[in-house]
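**Student:** The structure that follows is given in the form of structure tokens.
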């Protein structure tokens, strides 16, 4: 299974599924994906986060933040922005990142928080622009977009891109797939793709992904409690 952060949030939100991520077989974390805050390039009045906050406050609940799914990564980041800047943006979930990107490009949404890979086409076509990114350092593709950390909001958020094996896998099978994806990670093609799509983070293999999962699960548990998606 190729997975992202719903690997943590779905079992937390739906405990009746009986899914325990600690039972899965870790192969390799191939990368961590990044997130930026985006608006339509037609908004000449919005060129930085201060502009964004000013206009979002004016609109109140009329400001639409489109995202992929309810209680998803996009929803978590929208809640952060609402809390950090005292906004009342309305989050509207759609099925698929492509649909969300299209909503912004078509001016059917006021803003989105999305991975660079989902916006590159529209960005290169001059239809959308990043205002700031949820990364420790600036993203090379968008050198003019500051980090939220630079802007005084010490908040960093990544989405895992990890290859996961089924529970109960044999040691031989685990070794085979870990070696396979180590070769993929070190390949020229994968490293080129990482750079092109603004993917970061070192490879995690062996038992490292399991420690990473458990730590990230706890982080997401606290986030979901704070946003009221689950009880403590």
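The values are calculated or read from the model by the stated rules, or taken from the named source; none is laboratory data. Computed from a predicted structure; not experimentally measured. Note that each Cβ is placed from the backbone with ideal geometry, even for glycine, and that neighbours are counted across all protein chains shown.
**Student:** Look at residue 78 and say whether it is within 18 Å of the chain's Cα centre (by Cα) and in a loop (DSSP other than H, G, I, E, B).
**Tutor:** The answer is no for residue 78.
**Student:** Residue 16 - would you say it is assigned by TED's automatic domain parsing to the domain that holds residue 212, part of a helix (DSSP H, G or I), over 25 Å from residue 139 (Cβ atoms) and free of Cβ contacts under 8 Å to residues at least 40 places away in the same chain?
**Tutor:** Answer is yes for this residue.
**Student:** Next question, about the same structure. Please find, among 87, 120, the residue that is surrounded by fewer than 22 Cβ atoms within 10 Å (Cβ to Cβ) and either over 16 Å from residue 41 (Cβ atoms) or at pLDDT 95 or above (or both).
**Tutor:** Just one listed residue meets the conditions, 87.
**Student:** While we're looking at this one, here's another question. Residue 148: in the same structural domain as residue 29 (by TED's automatic domain parsing) and surrounded by 17 or more Cβ atoms within 10 Å (Cβ to Cβ), yes or no?
**Tutor:** no
**Student:** Also, I was wondering about something else. Going by the structure shown, is residue 224 surrounded by 17 or more Cβ atoms within 10 Å (Cβ to Cβ), in contact with a helix residue (DSSP H, G or I) (Cβ under 7 Å, 6 or more places away or on another chain) and free of Cβ contacts under 8 Å to residues at least 60 places away in the same chain?
**Tutor:** So residue 224 does not fit the description; no.
**Student:** From the list 155, 134, which one is within 22 Å of residue 212 (Cβ to Cβ), touching a helix residue (DSSP H, G or I) at 6+ places or on another chain (Cβ under 8 Å), in contact (Cβ under 8 Å) with a residue 40 or more places away in the chain and surrounded by fewer than 16 Cβ atoms within 10 Å (Cβ to Cβ)?
**Tutor:** 155
**Student:** Ok, one more. Working only within segment 179-203, note down all residues that are modelled with pLDDT under 95 and over 20 Å from the mean Cα position of the chain (by Cα).
**Tutor:** Matches in segment 179-203: none.
**Student:** If you don't mind, there's one more thing I want to ask. Working carefully through the options 71, 107, find the one that is at positive phi, outside the structural domain of residue 169 (by TED's automatic domain parsing), touching a helix residue (DSSP H, G or I) at 6+ places or on another chain (Cβ under 8 Å) and not in a helix (DSSP H, G or I).
**Tutor:** Being at positive phi, outside the structural domain of residue 169 (by TED's automatic domain parsing), touching a helix residue (DSSP H, G or I) at 6+ places or on another chain (Cβ under 8 Å) and not in a helix (DSSP H, G or I) holds for just one of 71, 107, which is 71.
**Student:** Does residue 31 fit the bill of being more than 18 Å from residue 100 (Cα to Cα), in contact (Cβ under 8 Å) with a residue 60 or more places away in the chain and under 22 Å from the mean Cα position of the chain (by Cα)?
**Tutor:** Taking the combined requirement at face value, the residue satisfies it.
**Student:** Taking interchain pairs and intrachain pairs at least six residues apart, which have beta carbon atoms under 9 angstrom, with the first residue in segment 75-86 and outside the structural domain of residue 100 (by TED's automatic domain parsing) and the second at pLDDT 95 or above and surrounded by fewer than 16 Cβ atoms within 10 Å (Cβ to Cβ)?
**Tutor:** none
**Student:** Looking at residue 192, is it surrounded by fewer than 17 Cβ atoms within 10 Å (Cβ to Cβ) and touching a strand residue (DSSP E or B) at 6+ places or on another chain (Cβ under 7 Å)?
**Tutor:** no
**Student:** Can you say whether residue 128 is in contact (Cβ under 8 Å) with a residue 12 or more places away in the chain, closer than 23 Å to residue 58 by Cα and assigned by TED's automatic domain parsing to the domain that holds residue 66, as far as the supplied structure shows?
**Tutor:** Taking the combined requirement at face value, the residue satisfies it.
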